[in-house]
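The values are calculated or read from the model by the stated rules, or taken from the named source; none is laboratory data. Everything numeric in this text was worked out from a predicted model, so none of it was measured. Glycine also receives a Cβ, built like all others from the backbone with ideal geometry; neighbour counts cover every protein chain displayed. Side chains are part of the model used for accessible areas, which takes the heavy atoms of the whole protein and leaves out ligands, DNA and RNA. Shrake-Rupley method; radii C 1.70, N 1.55, O 1.52, S 1.80 Å.
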Amino acid sequence: MTRRYFGTDGIRGRVGEVPITPDFVMRLGHATGRVLAAREAARSHVKAGERPAVLIGKDTRISGYMLEAALEAGFSAAGVDVCLVGPMPTPAIAYLTRALRLQAGIVISASHNPYYDNGIKFFSARGTKLADDLESEIEASLDEPLTCVPSAGLGRARRIDDADGRYIEFCKSTFPFEHDLRGLKIVVDCAHGAAYHIAPHVFHELGAEVSTIGTDPNGLNINQDVGATAPGALREAVLAQGADIGIALDGDADRVMMVDSQGNIYDGDQLLFAIVRSRLRQGAVAGVVGTLMTNLAFEHALADFKVPFVRAAVGDRYVMDMLRQKGWLYGGENSGHILCLDRHTTGDGIVSALQVLSALREAGGDLQQLLGDLTLYPQRLINVALSKGFPWQGHPLIGSAQREVESELNGSGRVLLRASGTEPLLRVMVEGQDSATVAKAAEKLAAAVREAVSS
């Protein structure tokens, strides 16, 4: 499918620039509403005059107020009811959409991006990402005039007042009843994002002593020097407070990183491995899906356990697609997106952290012991800004530099160049067994990309 607006994770961009403008977002709400209304009307048991309903949540960006109002107007004009929950983690919208039997869930968030970006993500009635055919239908509907149903058929809006408590209880339900977190001192970093009023309660109600950072959103500070994309702040807090463990979420709380009492930072590959090892102790694991960015040591460690492993394209959407194709339950990205389909329909930072903590309770010891012999190979990732439409894939200078770097690695590592699906960046990644060689190779390749772009 060729997308004009939808990327790998909904629609995202700079606020005030198309497509993240009030008029476009209102048309998007109207187009989505028309598609949902038509599909709902086609269902055999639906009575005439019944309106479909959607759930809208958001993170803590200041632009969320504006975009929420625009979406609400568009859906109402299309005859779709709207349920509002305010700031709420992305995975909470997936859960609540399913629990409330609504036709779709919409999240206003740009995830780990800075506050001046924003985006729109969609979930189906089942709490999964929208199928390609539905996204295609919505894009086609955007070309139709924005009309308004008769006044009697306009959508109504209401607020779901108990959404926080519903989701907190859901998260707790994914942690084994026979265990608790008593005796653990945990620092929770919410990135000044959507989980600021959710995550601390989950871990506290399971018995942990909880302190927090990144829980004072002001509309402009989401992901700023805190959270899963900047875990150094959590590391400092854990060491300063003598905590047992730290948990860092990103702005919409679908990613997680963790820190142990010694200040070691654990990424998505390591946390997923800890979860898989725990599940292996309980029985067989059919297989695991990673991405092109997944550390080679992770793949080798799974092979030692005779667990099949495949790589999908980067993006939790593609990990999910591969899991469905294979009929497997576990997958993720080193960025901290982790999918445990035996617990949730989508990636969830809080739920993933609880699975790691459950593994710790079952096995004893600390995070390092939980990982066993897994030692990640050094990776160096450098983001290089790209001008829109720059033909990096066929550029001779970049191709020559890549071949030279791969020759220098001499089979002991790998090189990956890929365009970001959410930002105008080329991600340059080099992985190998020697950190100095990896760093030098990555810098060399990134320099070649910068030279190519500037010329």
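Comparison of GLU443, GLU408 shows that the only residue that is of a type outside the set (Phe, Trp, Tyr) and modelled with pLDDT of 95 or more is GLU443.
May I ask you to verify whether LEU339 is assigned to a helix (DSSP H, G or I) and either open to solvent by 30 Å² or more (accessible area, probe 1.4 Å) or not charged (D, E, K, R) (or both)? The answer is no for LEU339. Candidates THR128, THR147, THR97, THR174: the one that is β-branched (Val, Ile, Thr) and in contact with a Phe, Trp or Tyr (Cβ under 6 Å, 6 or more places away or on another chain) is THR97.
Listed by first and then second residue, the pairs linking a residue in segment 395-411 that is assigned by the TED database to the domain that holds ARG450 to a residue that is in a helix (DSSP H, G or I) and of a type in the set (Phe, Trp, Tyr), with Cβ atoms under 9 Å apart and 6 or more places separating them unless they lie on different chains, are ILE398/TRP392.
Only one of the numbered conditions (1) under 29 Å from LEU323 (Cα atoms); (2) open to solvent by 30 Å² or more (accessible area, probe 1.4 Å); (3) assigned to a loop (DSSP other than H, G, I, E, B) is violated by THR294, and that is (2). In summary, VAL430 fulfils each of the numbered conditions (1) out of contact with any Lys or Arg (no Cβ under 8 Å at 6 or more places or on another chain); (2) more than 30 Å from TYR116 (Cβ to Cβ) with the single exception of condition (1). Among the residues making up segment 132-164, those that are open to solvent by 50 Å² or more (accessible area, probe 1.4 Å) and touching a strand residue (DSSP E or B) at 6+ places or on another chain (Cβ under 7 Å) are ARG156, ALA157, ARG158, ARG159. Listed by position, the helices (runs of 4 or more DSSP H) enclosed by segment 359-455 that each have at least 3 residues that are under 30 Å from MET258 (Cα atoms) are 367-370, 435-454.
So which residues in segment 191-214 are over 17 Å from GLN241 (Cα atoms), assigned to a loop (DSSP other than H, G, I, E, B) and within 21 Å of the chain's Cα centre (by Cα)? Answer for segment 191-214, where residues must be over 17 Å from GLN241 (Cα atoms), assigned to a loop (DSSP other than H, G, I, E, B) and within 21 Å of the chain's Cα centre (by Cα): ALA191, HIS192, GLY193, ALA194, ALA195, TYR196, HIS197, ILE198. When GLY13, GLY29 are screened for being buried (at least 23 other Cβ atoms within 10 Å of the Cβ) and small (Gly, Ala, Ser), only GLY29 passes.
When the residues of segment 62-119 are filtered to those that are open to solvent by 10 Å² or more (accessible area, probe 1.4 Å) and aromatic (Phe, Trp, Tyr), which remaining residue is farthest from GLY251 (Cα to Cα)? Ranking the candidates gives TYR95 first. Taken together, VAL289, VAL310, VAL259 contain a single residue that is within 26 Å of GLU169 (Cα to Cα), assigned to a strand (DSSP E or B), of a type outside the set (Gly, Ala, Ser) and in contact with a strand residue (DSSP E or B) (Cβ under 7 Å, 6 or more places away or on another chain), which is VAL259. When SER278 is tested against (1) open to solvent by less than 60 Å² (accessible area, probe 1.4 Å); (2) over 30 Å from LYS121 (Cα atoms); (3) part of a loop (DSSP other than H, G, I, E, B), just one condition goes unmet, and that condition is (3). Answer yes or no as to whether ALA301 is in contact with a helix residue (DSSP H, G or I) (Cβ under 7 Å, 6 or more places away or on another chain) and part of a helix (DSSP H, G or I). It is true that ALA301 is in contact with a helix residue (DSSP H, G or I) (Cβ under 7 Å, 6 or more places away or on another chain) and part of a helix (DSSP H, G or I).
The number of residues in segment 147-187 being among the polar types (S, T, N, Q) and either in contact with a Pro (Cβ under 8 Å, 6 or more places away or on another chain) or under 24 Å from ALA37 (Cβ atoms) (or both) comes to 2.
Taking the residues in segment 165-180 that are of a type in the set (Ser, Thr, Tyr) and open to solvent by less than 50 Å² (accessible area, probe 1.4 Å) as candidates, determine which candidate is nearest to ARG4 (Cα to Cα). So, considering only residues that are of a type in the set (Ser, Thr, Tyr) and open to solvent by less than 50 Å² (accessible area, probe 1.4 Å), the one nearest to ARG4 (Cα to Cα) is TYR167. Only one entry of GLY421, GLY413 meets the criterion of being crowded, with 21+ Cβ neighbours inside 10 Å and closer than 20 Å to ALA312 by Cα, and that entry is GLY413.
From the list VAL405, VAL449, the one residue that fits, being more than 26 Å from THR8 (Cα to Cα) and among the aliphatic types (A, V, I, L, M), is VAL405. Counting the residues of segment 158-190 that are within 19 Å of the chain's Cα centre (by Cα) and over 23 Å from ILE275 (Cβ atoms) gives 0. Does at least one position in segment 249-272 carry a residue that is without any contact (Cβ under 8 Å) to a residue 24 or more places away in the chain, crowded, with 16+ Cβ neighbours inside 10 Å and not assigned by the TED database to the domain that holds LEU416? No: zero hits. Against the test of being more than 27 Å from LYS121 (Cβ to Cβ) and open to solvent by less than 40 Å² (accessible area, probe 1.4 Å), the options GLY183, GLY283 yield a single qualifying residue, GLY283.
Within segment 302-323, track down each residue that is open to solvent by 60 Å² or more (accessible area, probe 1.4 Å) and at positive phi. Within segment 302-323, LYS306 is the sole residue that qualifies.
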